[in-house]
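Below you'll find the structure, written out as structure tokens, and then a few comments.
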Amino acid sequence: MKLIESLVSGLKASCAAFPDPREGRNGNIATADFGLSAFAMFFMQSASFLAFQRSLENKRRRSNCQTLFGIDKIPSDNYIRKMLDEADPALLLPCFEKVEHLLAKPEMQQAFGRLGGRMLVALDGTEFFCSQKVNCPNCLTRKRANGAVESYHTMLAATVVAPGHARVVPLFPEFVAPQDGAEKQDCERNAVKRWHARHGERLRPLRPIYLGDDLYACQPVAAMLRAEGDDFIFTAKPSSHKALYDFIDGVEFERLEAKSRRGKTFDTLRYRWIEGVPLNGGKDAMLVNWIGFVLADAGGKVKYSTAFVTSLPVTKENVAEIVACGRARWKIENESFNVLKNHGYELEHSFGHGEKHLAMTLATLNLLAFAWHSVFDHLEPPWKAAREAVVKRTTFFTEMLFLTKLAVFPSFEVLLQTIVTSDIPPELLQNQKIE
């Protein structure tokens, strides 16, 4: 369990660097305990986890917050919110950098490496807060048809995905928020430029290929990536790329057709592509490679069709894999945003909004918990054994919560082994009053 211990230690160091607005002796709670407490709630996927641990702490003078997460004293919920409001989410970047280093491990390369061992990084924006009453300086605003003004938070998420499985690994986000000196409201395209400027070079050892929807298939974004030697596969719709589609209208394409078994029948996969076409109608339009894809059933009916522009060279040998990778962009919505919002992490739930950074810092801690869970699924044997023993993901976290209400576990290793065996170690039963 050295990996979990190492990551918790790194998180504690990052949280210890959070600003402390308290005066005098700074109270009896360490600065790190505020961030660790919020993270523990997201990691355990329960808003009530801290309340139960406070109860254990009162009864037994210690809790699982102390033994598992290194929290010396659990602050109150309001105290956590007050302190974390001062903490810029950028202070958590070192924790995500450790996740990035883990992506280079052979097990992660085998799980996520595609097109010759390269990592697919899907980019997309998602909203995680909206209110007509609560706001902060980092909120965006919009006016509804009925005249109501809403304040909301959106972030540009970057997530490692791969076709063939449902695992994803969130990276550090970029928040779409008011920028100093900007006359117009911030937007997703500006956010992706900032994100790449801050993180692109650091990720280059992973040889990333960036995936995105039609919003990103524009010259400013594509040229930015190519200028730094990065590659992309972006969805390209006819409605927003008229000049491109006018250019390829009537040309002779390279083609490939393949069959895919679906039960007792076969689907037909049709690929067509052309290289060196202008991305737009401008005189300085950059050249890209275009791929069209159609999926038809045994009767010839089209079930799905899409098209991409890419900086990658396209051949008969790799066109199918490029399309599979491009289609994996959907995983940032299905396996990331959907899971974060509807399956345990409760990203859209308002755990606190604050007046400065709170909403964004809590969202970042939530993403970090998700990233750790995904990494442990591949790299931490005791975690993998416990996940396999329970099978269903939601049941796994329910088991963890149930057990941490009953007893204080000296380590994650003992907790996870208990999930595997369904038997609390006798020494814990002897040393603690299990109610």
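The values are calculated or read from the model by the stated rules, or taken from the named source; none is laboratory data. Note that the structure is a prediction, hence the values are computed from the model and not measured. Here the Cβ positions follow ideal geometry from the backbone for every residue, glycine too, while neighbour counts run over all protein chains shown. Just so you know, the surface numbers come from the protein's heavy atoms only, side chains and all, with ligands and any DNA or RNA stripped out. Shrake-Rupley method; radii C 1.70, N 1.55, O 1.52, S 1.80 Å.
The GNM of the chain, with springs linking C-alpha atoms under 10 angstrom apart, assigns the highest mean-square fluctuation among LYS356, LYS98, LYS59 to LYS59.
Kindly provide the GluC sites (Glu not before Pro) of the range 236-337 that DSSP labels as loop, not H, G, I, E or B, and whose Cβ sees at most 16 other Cβ atoms within 10 Å. Intermediate results must be reported in sequence, preceding the final value.
On the way: sites: GLU252, GLU254, GLU257, GLU275, GLU317, GLU321, GLU333, GLU335; in loops: GLU252, GLU317.
Answer by residue number: GLU252, GLU317.
Would you list, by chain and number, the aspartates and glutamates whose Cα falls below 13 Å from the Cα of LYS264, excluding same-chain residues fewer than 8 positions away? Result set, ordered by chain and number: ASP297.
For the chain, the longest principal axis of the alpha carbon atoms and the long axis of helix 381-390 meet at an angle near 90°. For the range 120-215, the set of trypsin sites (Lys or Arg not before Pro) satisfying both a DSSP loop assignment and a count of at most 16 other C-beta atoms within 10 Å is given as LYS133, ARG144, LYS184.
The range 88-115 and the range 266-343 have their alpha-carbon centroids 25 Å apart. Calculate how steeply helix 49-60 sits against the longest principal axis of the alpha-carbon atoms of the chain, using the helix alpha-carbon long axis, and give the answer as 0 to 90 degrees to the nearest 10. Tilt relative to the chain: about 20 degrees.
Provide the three semi-axes, in whole Å and in decreasing order, of the ellipsoid equivalent to the range 117-201 as defined by the square roots of 5 times the Cα gyration tensor eigenvalues.
Values: eigenvalues 167, 53, 18 Å².
The equivalent ellipsoid of the range 117-201 has semi-axes of 29, 16, 9 Å.
What is the chain's relative contact order, in percent, from Cα pairs under 8 angstrom and six or more apart in sequence?
Values: 731 pairs, mean separation 79.3, N = 435.
Computed value for the chain: 18 percent relative contact order.
What pairs in LYS98/LYS392; LYS59/LYS356; LYS356/LYS384 have C-alpha atoms more than 32 Å from each other? Let's see the in-between values first.
Numbers: LYS98/LYS392 27 Å; LYS59/LYS356 36 Å; LYS356/LYS384 38 Å.
In this structure, LYS59/LYS356; LYS356/LYS384 lie more than 32 Å apart at Cα.
The simple spin-label model puts a point 7 Å past each Cα toward its Cβ; for CYS130 and PHE402 those points are separated by 3.7 nm.
How much length is gained on full extension from ASN334 to ARG61, taking 0.36 nm per residue of separation minus their Cα-Cα distance? Don't skip to the answer; put the middle values down first.
On the way: separation 273, 0.36 × 273 = 98.28 nm, distance 4.23 nm.
Length gained, ASN334 through ARG61: 94.1 nm.
With a Förster radius of 51 Å applied to the beta-carbon distance between LYS303 and ASN78, the computed FRET efficiency rounds to 0.45.
A Cβ-based charge dipole, computed about the Cα centre of the chain with Lys and Arg at +1 and Asp and Glu at -1, lands at about 700 debye. Ligands, DNA and RNA are left out, and with a 1.4 angstrom probe the accessible area of the chain is 46 Å² per residue.
What is the gain in length, in nm to one decimal, between HIS101 and VAL251 on full extension, counting 0.36 nm per residue of separation less the C-alpha to C-alpha distance?
Details: separation 150, 0.36 × 150 = 54.00 nm, distance 4.46 nm.
Full extension from HIS101 to VAL251 adds 49.5 nm.
Counting Lys and Arg as +1 and Asp and Glu as -1 over every other residue whose Cβ lies under 10 Å from the Cβ of VAL319, the net charge comes to 0. The range 182-250 and the range 344-381 have Cα centres lying 26 Å from one another.
Quick check on the chain: of the DSSP beta bridges with both residues there, what percent are antiparallel, nearest 5%? Of all bridge pairs located within the chain, approximately 90 percent are antiparallel. For the chain, the mean residue ellipticity at 222 nm estimated from helices alone is -12500 deg cm²/dmol, where every DSSP H run of n ≥ 4 contributes -39500 (n - 2.57) and the total is divided by all residues, rounded to the nearest 500. In summary, the lysines within cross-link reach of LYS193, defined as a Cα separation below 21 angstrom excluding same-chain residues under 8 places away, comprise LYS184.
Which FRET efficiency value, to the nearest 0.05, do you get for THR141 and ALA166 by plugging their Cβ-Cβ distance into 1/(1 + (r/R0)^6) with R0 = 60 Å? Mind dumping the intermediate values first?
Details: r = 36 Å, r/R0 = 0.59.
That gives a FRET efficiency of 0.95.
Model label sites at GLU388 and VAL294, defined 7 Å from Cα along the beta-carbon direction, differ in position by 4.5 nm.
Between the helical axis of 2-16 and the longest alpha-carbon principal axis of the chain there is an angle of about 80 degrees. With 10 Å bins beginning at zero, the pair-distance distribution over Cα atoms of the chain amounts to 4, 19, 27, 24, 16, 8, 3, 0 %.
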